[in-house]
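As structure tokens, the structure follows; a few thoughts come after it.
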Amino acid sequence: MEIKVITTPLDDEVIKGLRAGDKVFLTGFIYTARDAAHKRFIETLEKNEPLPIDIKGQIIYYCGPSPAPPGKVIGACGPTTSSRMDAYSPKLLSLGLKGMIGKGKRSQAVKEAISKYNAVYFGATGGAGALLSKSVISSEIVAYEDLGPEAIVKLGVDKMPLFVINDIYGNDLYEMGIAQYKF
Amino acid sequence: MREIHTDEIISTIERLFIDANINLSDEMLERLNKAVEEEKSPVGKEVIRELISNAQIAKNEQIPICQDTGLAVTFLEIGQDVHIVGLNLEDAIAEGVRRGYKNGYLRKSCCDPFTRKNTGDNTPPTIHTKIVPGEHIRIVVLPKGGGSENYGEVRMLVPSDGKEGVKSFVLEMVKKGGPNPCPPIIVGVGIGGNFEMSAILSKEALMMPMGERNKDPEMAKLELELLEEINRTGIGPQGYGGTVTALDVHIKSMPCHIASLPVAVNIQCHAHRKKEAIL
């Protein structure tokens, strides 16, 4: 199938061109953050303190990798279930976050925030942790090191294979897929 | 009477968990290759191709198939003429798990239920033992990820619910999971026994060989009917839409109380990691 090649930081023109169901190769930098890091982001914002990373134009990957074996940049690094981050995402999108990578359905509030703030939700294939690790070319802990596997890691990625699940037009690949193939 | 030292059990458990997490079985690879042909959605086909490629990369690079290397589920069939020497058996299994998850660079995913503090070494394992005739020990490991395990359930149906009740329960669980348990999935169904036995049966059902049908023709028919209906939901690979939502459905059953119809559904993601050894 046709593949769209995109790079970070994502600008609005690129996001406008993405449609649910597109396969994309993503190149650039992304940040891992899952349950505990999101909780801490929101607590930081509530105290009117700055986030440890500038999320404007950036992409967060919901991922807790397996340990890197010697000589490797990272271990297996597939996505975790995104819905656990639903409570936090609209706030981050309002602050300029442009993309999220994970697996599974998002809440209505997240989908609305995606449209409102011109963002995108990508799916990485769950359980394809080895394949996804091949596209990671650098890995550096940038914040919350004390959270161990949940620390924020800046990943350099080259042609990371993703699918667009929720676009700015309100399309949802999960709903479209079921509607088309249910019989 | 045959003596088996726990040193041998420890090293076998260590090896099996590393092997299971890194090397997808030929059986699963063959099934995925067949699924690419069966799948009608282009996106679904692409996802399954990614899974096949993922398995090859994991094998070549010797890294886990999936970062969720699971809780350490271990089944043992112990011959009644075996004498185990050395450590306490459960301690030996835990030690094998500890070594496997450390030396194999596998993720430790076991934590306290409330404080969520990680136990640090993926112990304790979940151990199921059975005493069988003979003088061998059969060990089967089934590292099980959280995403798929979260969509399992035990339900006490009433006898009048019958087969239709079982079918609608299984379909309800598959639809509830949708994309989250990482389809294409394998569905284990335990029917009968009692509350806890139905759950164990559903887990044992997941360990049946791909494509193998229940010996009871009625149960075999139910397996195929369920597989067909699950694949008509449209959920498809990764939930992106498609015709291969499940790779197989296995049922294990046993007689139950005259007042009950216990049913358990246990869902397995496509990263079906199962390895065994006989000592």
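Listed values, structure above:
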{"item": "Residues (charged (D, E, K, R), assigned to a loop (DSSP other than H, G, I, E, B) and in contact (Cβ under 8 Å) with a residue 12 or more places away in the chain) located in the range B:115-132", "result": "B:Asp121"}
{"item": "Those residues of the range B:53-86 which are of a type in the set (Gly, Ala, Ser) and either part of a strand (DSSP E or B) or under 17 Å from B:Lys203 (Cα atoms) (or both), in sequence order", "result": "B:Gly70, B:Ala72, B:Gly79"}
{"item": "Any hit, the range B:88-109, residues being among the polar types (S, T, N, Q) and away from chain A (no Cβ under 13 Å)", "result": "yes"}
{"item": "Selected residue (criterion: nearest to B:Lys40 (Cα to Cα)) from residues of the range A:1-17 that are outside any strand (DSSP E or B) and within 14 Å of chain B (Cβ to nearest Cβ)", "result": "A:Met1"}
{"item": "Checking B:Glu50 against (1) part of a helix (DSSP H, G or I); (2) facing another protein chain (nearest Cβ under 8 Å); (3) farther than 27 Å from A:Ile165 by Cα; (4) of a type outside the set (Lys, Arg), the condition it does not meet", "result": "(3)"}
{"item": "First in the range A:125-144 and within 11 Å of chain B (Cβ to nearest Cβ) and in contact (Cβ under 8 Å) with a residue 12 or more places away in the chain, second anywhere and of a type in the set (Lys, Arg) and surrounded by fewer than 18 Cβ atoms within 10 Å (Cβ to Cβ), Cβ under 8 Å, 6 or more apart", "result": "A:Ser133/A:Lys72; A:Ser135/A:Lys159"}
{"item": "Residue within the range B:197-204 that is assigned to a loop (DSSP other than H, G, I, E, B) and within 17 Å of the chain's Cα centre (by Cα) present", "result": "no"}
{"item": "Tally, over the range A:52-79, of residues that are within 14 Å of A:Gly96 (Cα to Cα) and either surrounded by 16 or more Cβ atoms within 10 Å (Cβ to Cβ) or within 12 Å of another protein chain (Cβ to nearest Cβ) (or both)", "result": "5"}
{"item": "Criterion (away from chain A (no Cβ under 14 Å), in a helix (DSSP H, G or I) and either basic (Lys, Arg) or surrounded by fewer than 22 Cβ atoms within 10 Å (Cβ to Cβ) (or both)) met by exactly one of B:Glu164, B:Glu212", "result": "B:Glu164"}
{"item": "Checklist (1) more than 8 Å from chain A (Cβ to nearest Cβ); (2) polar (S, T, N, Q); (3) under 24 Å from A:Phe163 (Cα atoms) applied to B:Asn60, failing item", "result": "(3)"}
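This table checks each residue for (1) out of contact with any strand residue (DSSP E or B) (no Cβ under 6 Å at 6 or more places or on another chain); (2) away from chain A (no Cβ under 14 Å); (3) not polar (S, T, N, Q).
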residue	(1), (2), (3)
B:Val154	no, yes, yes
B:Leu171	yes, no, yes
B:Pro179	yes, no, yes
B:Pro184	no, no, yes
B:Gly192	no, yes, yes
B:Ala205	no, yes, yes
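Every read-out reported here was derived from the displayed coordinates using simple, explicitly stated rules and does not represent laboratory data. The structure presented is a predicted model; accordingly, all values stated were derived computationally and were not measured. A quick note on method: Cβ atoms are made from the backbone with ideal geometry, for glycine too, and the neighbour counts reach across all protein chains shown.
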